[in-house]
Structures are given as structure tokens and as C-alpha cells.
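What follows is one structure encoded as C-alpha cells, with my remarks underneath.
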Amino acid sequence: MARFVTIETVALLFNLSPDEIYRIECWQHIVYVHGKGLSRFVSYADFPPILEAEPPTPQDMVRWHKRWKSAIAPEFWTTFYGYQFNRATSESQLLAWGQFVATVKGLLSTAALQHLRQRYQLEQYWWRHF
């Protein structure tokens with residue numbers, strides 16, 4: 001699951017700029033993050049799958065469910081995917097992110113999915129009308 005760990009995701013997770021992340025170490029079961037005012041161990045389950053990596057496997061799904069405290073993805077996943085919708089540089093990239101989120105929708109809460117649908121529709125509106 002290390003393939004889902006990126007400096008941009010870590011920066012968003014801890015509300016830092018990518019320049020403020022000094023080191024990321026992916027260990028067997030956990031990720032170590034060292035940044036400005038930050039030294040933390042993070043579970044791989046906190047990192048959402050990304051478009052740029054190989055898609056999640058059924059084995060990944062099992063690992064996530066084992067590590068989460070509830071049956072749904074952490075709230076950060078909703079923040080992350082909303083951020084990706086917002087920073088899409090083209091309508092086709094927005095569509096790609098929307099299709100990708102559809103592949104992991106079973107991991108998200110109903111409220112999170114509704115929020116992401118609204119964000120997607122808003123971004124789609126902006127791309128089509130401006």
C-alpha cells in the first residue's frame with residue numbers, strides 16, 4: 001500500500017506545504033513522517049488510493065478494513081478526493097478522478113459520497129461554463 005503514499009497526500013493530511021515535509025519512510029506496516037513541527041507514525045490505511053498508482057486490489061480492501069476503527073474510510077479520504085476534484089487541470093482529468101472515486105465508493109460513508117458527488121458536479125459545472 002506504499003504506492004498510495006505521496007508527498008502531496010502527506011502534506012494535505014497534515015495541513016503543510018510539500019516543502020515542509022522533510023522525510024517520509026514507508027516501513028512494513030506503518031509510515032513515518034517527519035516535517036516542520038511534525039514527527040509522526042501513520043497507518044497505511046489513512047492514505048487513500050490515487051489515480052497515478054495501480055488500482056487497489058481486494059487484498060488492499062481487506063487491509064484497510066482491518067486497520068480502520070469503523071467500517072468506512074477515514075474522513076480524510078473525502079477531503080483528499082474533494083481536493084483532487086478541485087485541482088483537476090482539465091475536464092477529462094476531473095472525469096478520471098470521478099471514475100476512480102466510483103471504484104472505491106463502497107469504502108466511503110453515504111454522507112461522504114453525497115458530499116463528493118456535489119463537489120464533482122460543482123467542478124464539472126465550472127469546467128463546462130467558464
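Values quoted throughout were computed directly from the atomic coordinates according to the rules given, and no laboratory measurement underlies them. Treat the numbers as computed from the prediction; the structure is a model and nothing was measured. Note: ideal-geometry Cβ built from the backbone for every residue, glycine included; neighbour counts use all protein chains shown.
So what is the calculated 222 nm ellipticity per residue for the chain, using -39500 (n - 2.57) for each DSSP H run with n of 4 or more, over all residues, to the nearest 500 deg cm²/dmol?
-15000 deg cm²/dmol
Out of 106, 82, 37, any idea which swings most in a Gaussian network model of the chain, alpha carbons joined below 10 Å?
Between 106, 82, 37, it is 37 that shows the largest mean-square fluctuation.
Could you pull out every residue, at least 5 positions away or on a different chain, whose amide H is within less than 5 Å of the one on residue 73? Hs are placed 1.01 Å off N in the peptide plane, and Pro or chain starts have none.
Here the answer is 108, 109, since their amide H atoms fall under 5 Å of that of residue 73.
Taking only Cα atoms, what is the 0 to 90° angle, nearest 10, from helix 110-129's long axis to the longest principal axis of the chain?
With both axes taken from Cα atoms, the answer is about 50 degrees.
State, to one decimal in nm, how far the label point of residue 91 lies from the label point of residue 70, with both points 7 Å from Cα in the Cβ direction.
3.6
Please state, to two decimals, what the Cα-based radius of gyration of region 1-47 comes to when divided by 2.2 N^0.38 Å (N = residues).
Dividing the Cα Rg of region 1-47 by 2.2 N^0.38 Å gives 1.00.
With the Cα gyration tensor of the chain giving a ≥ b ≥ c as the square roots of its eigenvalues, does the rule (a/c under 1.5 for rounded; else a/b larger than b/c for prolate; else oblate) give rounded, prolate or oblate?
oblate
Please identify, among 116, 107, 16, the residue showing maximal mean-square fluctuation in a Gaussian network model of the chain using a 10 angstrom Cα cutoff.
For the chain, modelled as a Gaussian network with Cα springs under 10 Å, the answer is 16.
Taking 7 Å along the Cα-to-C-beta vector as the label spot, tell me the residue 30-residue 3 distance in nanometres, rounded to one decimal.
Placing both labels 7 Å along Cα→Cβ, they lie 2.5 nm apart.
Pull up the DSSP beta bridges for the chain and report the antiparallel fraction as a percent, rounded to 5.
Just about 100 percent of them are antiparallel.
Using DSSP to define loop residues, name the trypsin sites (Lys or Arg not before Pro) in region 1-98 whose beta-carbon has at most 10 other beta-carbon atoms within 10 Å.
Qualifying residues, ordered by number: 69.
Compute the acute angle (0 to 90°) between the alpha-carbon long axis of helix 75-87 and the principal axis of greatest extent of the alpha-carbon atoms of the chain; round to the nearest 10°.
Compared with the principal axis, the helix lies near 50 degrees.
If region 53-130 were replaced by its equivalent ellipsoid, with semi-axes equal to the square roots of 5 times the Cα gyration tensor eigenvalues, what would those be, largest first, whole Å?
Sorted largest first and rounded, they come to 25, 14, 9 Å.
Counting only residues 5 or more places away or on other chains, whose amide H sits under 5 Å from the amide H of residue 51 once H atoms are built in the peptide plane?
Sorted by chain and number, the residues that satisfy this come to none at all.
Which value, in debye to the nearest 20, describes the size of the charge dipole of region 1-82 about its Cα centre when Lys and Arg Cβ atoms bear +1, Asp and Glu Cβ atoms bear -1, and nothing else is charged?
In total the dipole reaches around 360 debye.
Compute the FRET efficiency between residue 126 and residue 102 as 1/(1 + (r/R0)^6), taking r as their Cβ-Cβ distance and R0 = 22 Å, and round to the nearest 0.05.
That pair, residue 126 with residue 102, gives E of 0.65.
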